[in-house]
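Taken together, the values in this text are just the output of simple stated rules run on the coordinates, not laboratory data. Just so it is clear, the structure is predicted and the values come from calculations on it, not from any experiment. For neighbour counting, all protein chains shown are included, and Cβ atoms are generated from backbone atoms with ideal geometry for every residue, glycine included.
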Amino acid sequence: MTNPHEAAMLITGLHERFCDELDELMRSFSAQLPTPDRPECRLSLKSARWAGYYWWRPNCCWYSIPHACTVGGDSYTNTVAHEVCHAYASQLHRGSAWHGETWQLLMRHLGHEPQRTVTVDMKLVRKVGNLLWARYRGAARGSMRQVEDPLMLKGGSDVNSQSKDR
């Protein structure tokens with residue numbers, strides 16, 4: 001199991017690396033393809049059912065710290081690649097299949113098999129999420145409204161300094 005600080009650093013580093021690689025690919029096809037905007041990296045302390053997801057409206061990739069802590073860094077690398085590829089694929093071909101050909105090609109370009117899911121023990125993820133939520137938010141997870149935005153940490157920020165500001 002990875003600690004939350006290491007997980008946050010790993011996720012933000014991988015997110016930036018994969019964005020750099022796809023930006024370079026887009027530059028090589030600049031005459032034929034539109035240049036997608038780089039997605040923002042956001043981290044969540046909530047132990048949601050998702051390991052990561054791409055939200056196209058604000059162009060953000062969200063990553064779950066409890067999932068990353070539970071599955072470990074190497075296993076979570078595919079999740080980061082998965083979400084970054086969603087960000088680029090959705091901008092290149094609006095309305096295309098979510099896990100369609102464009103997404104699959106981008107995943108392969110990053111050196112990953114295009115997988116849609118990751119197997120994880122959700123009881124353990126919830127337990128880790130509850131512990132992180134209580135520690136870094138200073139309150140029990142259940143006391144927060146479920147509709148609160150999943151942003152607990154902005155990518156690249158220090159966990160402790162971010163939680164003290166709130």
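Could you work out the Kirkwood radius for the range 91-131, taking every pair of different alpha carbons, averaging 1/r and inverting it, reported in Å? Don't jump to the answer; show the numbers that get you there.
Numbers: mean 1/r = 0.0794 Å⁻¹.
One over the average 1/r among Cα pairs gives 12.6 Å for the range 91-131.
If the label point is 7 Å along Cα→Cβ of ASP37, which residues in the range 9-25 have backbone nitrogen under 20 Å from it?
Residues 15-25 qualify, since their backbone N sits under 20 Å from the label point.
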